[in-house]
Each structure stands twice: as C-alpha cells, then as structure tokens.
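Here the structure is laid out as structure tokens; the discussion comes afterwards.
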Amino acid sequence: MHKKSHILAIVFVVGLCPQAYALDWFSPSDDCFLTSNQKLLAPLQNQTVWDDFTCSAGGALRYRYIDERNRLRPPLVAGRSTYDQWRFTPYLEMKYSDLITGYVQAIDAPTFGNDLPHLGIDENRADLLQFYVDINLLDWDDGSSLHFKYGRQFLQYGSQHLISPLAWANTYRNFQGFRLYYDSDDWAIDGFAVQPVNAAAGNLFHPTSRDTPDHSRWFGGVYTTYKKAPGGTFDMYWLWLKENEDRLDFIDGNRHTVGVRYAGKKPCLDEDDAAYLTFLWDFETAMQVGEEDLVTGLDQEINAGMASLISGFQVNQAPWAPTLQGILYYGSGDRDPGDGNSQTFDTLFPLGHAYWGQIDNFSGKNLIDYGIHLTVQPTEKLNVLTGFHWMEKAARQDAIYNIAGVPFGGFVPSDSYLGNELDLVATYQMSENLQLQAGYYWFWYGPGVSENPNPIVADRGDAQMFYILTDWAF
C-alpha cells in the first residue's frame, strides 16, 4: 500500500441568507433558506441590477484523487503515479434583456503530489477559461433566433467524437474566435472559426502563465442538426483544421472532415403506454481529405475515415433498469507510411475518455475498438457502469497513438492486437449540485504493445487506474 495518506473532503452546504449583503441592486426572495437541491449561490442567479440588466454568479469545485500505473502516457516509462487535483471555476454573467450576454469564467486547476510529470490537461493556474459576448441578432415569431458570439469559449457538438470541451480533464479545452449560430424547433446550424487556447486544445503548455490563442492554427466549420429525424436527430458537418507552423507534433497543412450522424431512441409501449423496452442508437461516419506535412519537406495527401456504431436497449421496467450497448469504432490507419498518401484519421478535439477505454491509453487514430457497456441504476441516485473493450490497430504498419493523438513506440509489424480493458464506474448523485464518483480501470496489454521494439513501451505490466471524485456546483 502506498505510504501517502489521502483525505476525501466532505462538503457541508450552508445556506446563505442574502439579506446579509448590503447591495443596493440585490433583489432576493423572501425565503433566505436553501433546499438540498438549491445551489449555494442560488440567491445570486438572475438578479436584476437595473432596468433590463440582470446578473448571475456561481461556479463549481471539483476534487479528484488518481492512482495509476503503467499507462501509455508521457513519459513512456512504466511506473506508478498518485496525485491530487482541484478545479475551481467561478463565473459571472451579465445580460441585457434577451439581446446581449457577457460571460466571464476563471479557472484555478492545480495538480500536486504527482510522481510523474504533469500533462497539458492536468494544470492551469489562475487563468481565464471563458470570456465572451453573445449578441442576439434576429428573433422570429416562431421562436427561432440568430446569434453572434465572440471570445474565449467551449465547443461541443454531437457525440463529442471530434469536438468536445473535455470536461474530464482537469483544465477543460477552450478556443477563441467567432461563432454564428441559428436555432429553431427543427434546426440548429452553427458556423465557427476559432483558434486553440490552452494545452488541452493543442496549444503549448503554460500552466502558470496567461493563456493566449495559438495564432498558427485555425479550426472552423459548419455543424448542422436536424432535430426532427425519426426517433432522434440527424447531424451533418464540415470541419476544417489549418496549421501554418512546421512542428513535428502538429499537422502542417489543411485537413477537411465531412461527416454525418444519426442518433436516437425508440420506446416500446405496453397497454398502459408505459415504456417496457427502449432501443438506443448512435451511428456516425466521417471522411477526411487534404494535405499535411508532419516533417518539413515530406508532403502527404490525406485520405482517411472513421465509423462509430453504438446500439443497444434499456429494459425500463426491470429491476435496476439495465441498459446494454454494443460499440464498434473504426479509425483508419496508414497501411504504407511514407508513400505520400496518409490514411491515418485525425480525431481532432475529441472526448476520447468516453469511447476508447476510460483509462485513456489510446486515441481513435489507427484504432479498432469492440466494446460492450452495461449500465444499471440500483437506486434513484446511484448509477453503475461496467465496460469491456477489445482494441487493435486498424493498420498494422502504422504507429500506436496515445490519447493525445501523438504517435509513439515505433511500428509493430508482427501483431496488431493492443489489448483488453475493463472499466468500472459508480456515480452517486447526492443532490442536483453534488456528485460523487469512483472508478477502477484495468488494461491487459496485447502483443501490439508488449512486443513493441521500443523497450520503454514494452517494458511494463498491465495498466491500472483508480480514482475518486467529488464535483460540487454552487
């Protein structure tokens, strides 16, 4: 057992009586006591400042303890690391009627007690996470609207296979730039042009200095969702990543991604119109074209693709309402590296943690993942997930790619089998604002890793990871 002792903080929620604040513009309700499902700063939500101006303040505090060993993460040497993480994200929002919204969110996210070096997603001290202005340009009688948004912000679309704010990380992932988006009962159409800001978005790692956008990279596109497809939604998108700097770890060139996604559910009803079985599905496929230059002077044409098939069912009226889902993911790899034609699919800015094994060994580049997830709900507040994955390389000749999408370890011509992973996660929702979670992951490496010619990849036992997490919104 590790010598280091750890304390899981117990949070006591104390009601704030708003009358204690001598603020002329404060307009609290008569009741100064909070229920168990109210946020601590609920009296500061949607308060009238003057005329049509309103103000909201709040935030979140997350603590996580992690014990991991033998993961395929930088540095690649096998070993164990235990560490603690805090993430504090207060925010302030100002609105003028329904016309203009200004939003500022800070972050202080330290990692300490670690045995291995920090990663780019582990730490960001005393910085601005989001700050933007959102302008309502047009409103129609049918409730649809057109908005313009500028500043530092999150991006999240569809399944998050390709674009996610990466809430699992200690730092989130943020961008800075422009968005123009239309929303109605039938459609959501979003066009954007942004630049990566923090290390989680692919910028350089500056944990203790002010984050600034990476001016050598632009990420843009159009993401469209039809909300009234049979049983769910149908997405169509075009994404464009442009890199103008010669760096070995970045793609120098242009990569266009065109894809579609169909996700939804279909309940089966009994004679009382209550669902006894619900079928679930989430199908997505995309192709990539363009050109890249990973090493100066070596130009490559891009011809890559991905497909994700997730389907299953929930037995609604059975004890614990079990949900069983099968997973098949394919992200193409390069069968002939160096021939001037790159077939390795780039997953852009994904939430890999949710799809390619939660221990976060691999990204979706050059990967085939067969998985199965079983979720049960023993009580109203407790949710338990069990997942199993079988992983192999899509192209034996291509590299292994870590969760950040960076190649490592050299090629393995003898075997493509990477290994199996078991995921166990329990989530307890104490209230709307306080969540507790614990997880345990185990990865058994296959010959694609253990027989790698690079000894710093092969010289390791099975990978394991345990964590506990508390997340409190206030």
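The values are calculated or read from the model by the stated rules, or taken from the named source; none is laboratory data. What you see is a predicted model, and the numbers here were worked out from it, not measured in a lab. Neighbour counts are summed over all protein chains in view; Cβ atoms, including those assigned to glycine, are modelled from backbone coordinates with ideal geometry. For accessibility, only protein heavy atoms count, side chains too; no ligands or nucleic acids. Shrake-Rupley method; radii C 1.70, N 1.55, O 1.52, S 1.80 Å.
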- May I ask you to say which residue of A463, A458, A395 is within 24 Å of the chain's Cα centre (by Cα) and small (G, A, S)? A463
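Working only within the stretch 114-151, note down all residues that are outside any strand (DSSP E or B) and open to solvent by less than 40 Å² (accessible area, probe 1.4 Å).
Taking the stretch 114-151 and keeping what is outside any strand (DSSP E or B), we get 114-123, 140-144.
Hits for the stretch 114-151 are L116, L119, G120, D122, E123, S144.
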- Query: Condition test on Y157, is it of a type in the set (F, W, Y), under 27 Å from N254 (Cα atoms) and assigned to a loop (DSSP other than H, G, I, E, B)?
  - Reply: yes
- Query: F219 is checked against (1) open to solvent by 60 Å² or more (accessible area, probe 1.4 Å); (2) in a strand (DSSP E or B) and fails just one. What number does that condition carry?
  - Reply: (1)
- Task: Go through the stretch 412-436 and count every residue that is open to solvent by 40 Å² or more (accessible area, probe 1.4 Å), among the polar types (S, T, N, Q) and in a strand (DSSP E or B).
- Result: 2
- Query: Does any residue in the stretch 271-292 that is farther than 15 Å from L309 by Cα and in a strand (DSSP E or B) come within less than 6 Å, Cβ to Cβ, of a residue that is of a type outside the set (D, E, K, R) and open to solvent by 90 Å² or more (accessible area, probe 1.4 Å) six or more places away or on a different chain, and which pairs are these?
  - Reply: A275/L269; Y276/Q317
- Do you know which residues across the stretch 101-113 are open to solvent by 60 Å² or more (accessible area, probe 1.4 Å) and either among the acidic types (D, E) or more than 21 Å from the chain's Cα centre (by Cα) (or both)? F112
- Task: Could you check how many residues of the stretch 186-205 are touching a residue at least 40 places away in the same chain (Cβ under 8 Å) and out of contact with any strand residue (DSSP E or B) (no Cβ under 7 Å at 6 or more places or on another chain)?
- Result: 3
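Of the residues A42, A57, which single one is in contact with a Leu (Cβ under 7 Å, 6 or more places away or on another chain) and crowded, with 18+ Cβ neighbours inside 10 Å?
A42
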- Task: Would you point out the residue of the stretch 240-294, among those that are farther than 22 Å from G312 by Cβ and of a type in the set (F, W, Y), that is modelled with the highest pLDDT?
- Result: W240
- Sole exception among (1) free of Cβ contacts under 8 Å to residues at least 40 places away in the same chain; (2) surrounded by fewer than 16 Cβ atoms within 10 Å (Cβ to Cβ) for D98, by number: (1)
- Item | Qualifying positions in the stretch 437-464 - closer than 23 Å to A354 by Cβ and either of a type in the set (D, E) or open to solvent by less than 10 Å² (accessible area, probe 1.4 Å) (or both) | G439, Y441, F443, G446, G448, V449, D462, A463
